[in-house]
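**Q** Here you go, one structure.
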Amino acid sequence: MKEMSKKQMADAVSRHRNGDGNPLGANSEIARKLKQYYDELVSDRVPDRFAQLLSQLEQAEPAQKKD
């Protein structure tokens, strides 16, 4: 790996603190797409059947703890 001089490191830190530099560098596009994909998944509606199964599981857990 290429070593950075103290000045290069200080410049990079300064750019990052000021918001001028991209902290992800070449990976920023990948990170942006992953975040977009994650946001879409999180905002999707939970199917009714899955919600019913979760509800049944929640009801069954207290019964198991009492045993």
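The values are calculated or read from the model by the stated rules, or taken from the named source; none is laboratory data. Remember, predicted model here, so these are calculated numbers, not experimental data. Positions of Cβ are backbone-derived with ideal geometry, glycine not excepted, and every protein chain shown enters the neighbour counts. Calculation scope for accessible area: heavy atoms of the full protein, side chains included, ligands and nucleic acids excluded. Shrake-Rupley method; radii C 1.70, N 1.55, O 1.52, S 1.80 Å.
**Q** In the range 34-55, which residues are open to solvent by less than 100 Å² (accessible area, probe 1.4 Å) and aliphatic (A, V, I, L, M)?
**A** Across the range 34-55, the qualifying residues are 41, 42, 46, 51, 53, 54.
**Q** Right, next: Considering the range 44-67 alone, what residues qualify as being modelled with pLDDT under 85 and of a type in the set (S, T, N, Q)?
**A** Listed by number, the list holds a single entry, 64.
**Q** For the range 1-33, which residues satisfy the criterion of being hydrophobic (A, V, I, L, M, F, W, C), at pLDDT below 75 and surrounded by 11 or more Cβ atoms within 10 Å (Cβ to Cβ)?
**A** 4, 9, 10, 12, 13, 24
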